[in-house]
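**Student:** Dumping the structure here so I can ask a few things about it.
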Amino acid sequence: MSGWMERYTSKSGKKLRRIHAWNGWVVAALAVSGIVLFLPALRGATAPIRVALKQGHIWAGVASIVLLLLYLPFLGKHVKQLRAKPAQAGNLTIVLLLLVGWSVSGVVLWLERSVPPAWTSAALLAHDALTWVGVPYAIFHSATRSRWVRERRAAERAAAGDDAEAERSYLRYDGSRRRLLKAGIVAAFAVVFGPVAYRLWKRLDAQGGVAVEEIEAAPPANGQELLTPAPDSSPPIGGGAEGSFRIYTVTSIPRFDSAAWSFRIHGLVEEPISWDWPAFAKLARKVQVSDFHCVTGWSVYHATWEGIPLKELLAAAGVKPNARYVKFYSGDGVYTDALSLEQAEMDDVMVAALIDGKPIPEDLGGPVRLIVPRMYAYKSVKWLESIEIIDRDHIGYWQERGYEVDAWVPGANRA
Ligand code: HEM
Ligand SMILES: Nc1nc2c(c(=O)[nH]1)N[C@H]1C(S)=C(S)[C@@H](COP(=O)(O)O)O[C@H]1N2
Ligand SMILES: [Mo]
């Protein structure tokens, strides 16, 4: 029996084929669930199932790692077999690098709560880059699986005793002209689809994200020009945040109308207070530098925020003795979150109006958003309009949908 035939009829050949087929399905599931998790346009629509989707993605990821481990014992033999077939050896190398890369970065993202944010940022970058290279490659790979199908058919014919026909159908495929044709298709595919996939992914990311440098260029919304930045809010003292914000919202972005806008602190306070925009813009502000971490893995480092420490607003209204929690309402009418009174009184919890010396753009929660630097950013309510002091806990938007109530960033010193 010739080598290729043995490969397809032997027991180990069968096992290898089974691993290969399973891996194909698992990678397809990972690609679909991963891309749905990524797509900016689906963040609001998929909110109710986001945590389940992420769990499913992780389980599929674990399955893919198990398949990779099951494959390991075959690796040595496989490499030897492919020594004379550079194209297939190249394919094997690419596929293994992709799978190992996805696995390592995926596990770091998974263990997010036990690793420093810098690791998850790097892992997310790698996970994304592998996806825009790897998914087009995988699509191509499965589209040209005809090679494999053909080999299998040849093996079936061989098994049926028709060796001559088997050999012919196998050679027909493996002839040098076909090899050349295939190499041409691979090259064309790489040249055309690599950059297309790259641009598409960048465009999607840009649509869902704002690089910090772009904030500089963004014109203030009508009314935001009332915010005169403090001198230490911009360079050379402040400014220079690093990273990109991904724009998150679960509604359409609320547009700022300075004439209709108001800000209120109420509930269990001695004196409820309400400000209109000009009055709010005149409140004394402080400047602080802090990092911003989203629980999905991205961060913005040392942003300079300018705003009113929450502690000062609470003191101004006078918190009643039976107060225990502070609830935050977004002007989008849907998003809320809460902190215990003790957490709310941390020095760096801020009702922010400027970032890096510029009014906070509407996309990023302007004119006013909450900042809770020591907790994941789902606590940092955008378009903040109302603060209510209450006597019981309130479960916020994302926590209602499966995010952990404990939002502390690893390494942050807790209140
Ligand atoms: C074929 C392999 C894989 C593909 C195509 C893939 C794709 C993706 C994509 C596109 C995202 C969204 C990233 C973003 O928001 O920018 C993602 C997120 C993620 N992936 Fe994968 N992935 C794969 C394998 C894995 C593996 C093996 C694991 C680990 C067990 C894993 C764990 C994660 C985690 C934890 C997230 C973060 C989800 C979130 O918080 O939104 N992935 N993946
Ligand atoms: N109103 C409102 N606030 C919100 C969110 C939201 O969807 N709506 N998303 C939260 C999450 S999960 C993160 S990571 C940050 C993102 O802030 P950004 O959109 O300015 O990058 O806002 C938080 N505050
Ligand atoms: Mo987030």
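**Student:** Answer yes or no as to whether Thr228 is under 29 Å from the mean Cα position of the chain (by Cα) and among the β-branched types (Val, Ile, Thr). Walk me through how you get there before you give the answer.
**Tutor:** On the way: under 29 Å from the mean Cα position of the chain (by Cα): no; among the β-branched types (Val, Ile, Thr): yes.
Against the criterion (under 29 Å from the mean Cα position of the chain (by Cα) and among the β-branched types (Val, Ile, Thr)), Thr228 does not qualify.
**Student:** Also, quick follow-up: Take the residues in region 321-348 that are farther than 19 Å from Val269 by Cα and touching a helix residue (DSSP H, G or I) at 6+ places or on another chain (Cβ under 8 Å); name whichever of them is most open to solvent (accessible area, probe 1.4 Å). Break it down into steps so the answer makes sense when it comes.
**Tutor:** Of region 321-348, the ones farther than 19 Å from Val269 by Cα are 330-336, 347-348.
The next check asks that each one be touching a helix residue (DSSP H, G or I) at 6+ places or on another chain (Cβ under 8 Å); those that pass are 334-336, 347.
Numbers: Val334: 72, Tyr335: 30, Thr336: 22, Asp347: 110 Å².
Filtering region 321-348 for residues that are farther than 19 Å from Val269 by Cα and touching a helix residue (DSSP H, G or I) at 6+ places or on another chain (Cβ under 8 Å), the one most open to solvent (accessible area, probe 1.4 Å) comes out as Asp347.
**Student:** Another question about this same structure. For residues that are open to solvent by 60 Å² or more (accessible area, probe 1.4 Å) and modelled with pLDDT of 75 or more, scanning just region 1-27, find the one that is nearest to the chain's Cα centre (by Cα). Break it down into steps so the answer makes sense when it comes.
**Tutor:** Looking only at region 1-27, we keep the residues that are open to solvent by 60 Å² or more (accessible area, probe 1.4 Å), and these are 1, 6, 11, 14-15, 18, 20, 22, 25.
When the remaining residues are screened for being modelled with pLDDT of 75 or more, the result is 11, 14-15, 18, 20, 22, 25.
Details: Lys11: 41, Lys14: 37, Lys15: 35, Arg18: 32, His20: 28, Trp22: 26, Trp25: 22 Å.
Out of the qualifying residues, it is Trp25.
Residue-by-condition table, conditions (1) open to solvent by 50 Å² or more (accessible area, probe 1.4 Å); (2) assigned by TED's automatic domain parsing to the domain that holds Glu385; (3) in contact with a Pro (Cβ under 7 Å, 6 or more places away or on another chain):
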| residue | (1), (2), (3) |
| --- | --- |
| Pro272 | yes, yes, no |
| Pro278 | yes, yes, no |
| Ala281 | no, yes, no |
| Ser290 | no, yes, yes |
| Thr296 | no, yes, no |
| Tyr301 | yes, yes, no |
| Gly307 | no, yes, no |
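**Student:** On to the next question. Residues in region 234-282 that are in a loop (DSSP other than H, G, I, E, B) and more than 16 Å from ligand 2 (Cβ to nearest atom): how many?
**Tutor:** We begin by selecting, within region 234-282, every residue in a loop (DSSP other than H, G, I, E, B); these are 234-241, 247-261, 268, 270-272.
Narrowing the set further to residues that are more than 16 Å from ligand 2 (Cβ to nearest atom) leaves 234-240, 257-260, 268, 270-272.
Here the count works out to 15.
**Student:** Another one. Could you check region 274-311 and list, in sequence order, the residues that are among the charged types (D, E, K, R) and within 16 Å of ligand 3 (Cβ to nearest atom)? Write out each step before concluding.
**Tutor:** First, the residues of region 274-311 that are among the charged types (D, E, K, R): 276, 282, 285-286, 291, 306, 311.
Answer for region 274-311, where residues must be among the charged types (D, E, K, R) and within 16 Å of ligand 3 (Cβ to nearest atom): just Asp291.
**Student:** For region 229-255, name all the residues that are basic (Lys, Arg) and out of contact with any strand residue (DSSP E or B) (no Cβ under 8 Å at 6 or more places or on another chain). Lay out the reasoning, then the answer.
**Tutor:** To start, the set of residues in region 229-255 that are basic (Lys, Arg) comprises 246, 255.
Correct list: Arg255 only.
**Student:** I would also like to ask the following. I'm trying to understand the selection: among the residues of region 328-375, which are away from ligand 3 (no atom under 16 Å from the Cβ), closer than 15 Å to Val250 by Cβ and part of a loop (DSSP other than H, G, I, E, B)?
**Tutor:** Gly331, Gly333, listed by residue number.
**Student:** Which residues, counting only those in region 31-46, are modelled with pLDDT of 90 or more and within 18 Å of Ile247 (Cβ to Cβ)? Before the answer, list the steps.
**Tutor:** As a first pass, look at region 31-46 and keep what is modelled with pLDDT of 90 or more: 31-37.
Scanning region 31-46 gives Ile35, Val36, Leu37.
**Student:** For region 80-109, how many residues meet the condition of being touching a Lys or Arg at 6+ places or on another chain (Cβ under 9 Å) and at pLDDT 90 or above?
**Tutor:** The total comes to 0.
The values are calculated or read from the model by the stated rules, or taken from the named source; none is laboratory data. Computed from a predicted model, the values in this text were never measured in an experiment. Quick reminder, even Gly has a Cβ in these numbers, built from the backbone with ideal geometry, and neighbours come from all protein chains shown. Please note that ligands, DNA and RNA were not included when accessible areas were found on the heavy atoms of the full protein model with its side chains. Shrake-Rupley method; radii C 1.70, N 1.55, O 1.52, S 1.80 Å.
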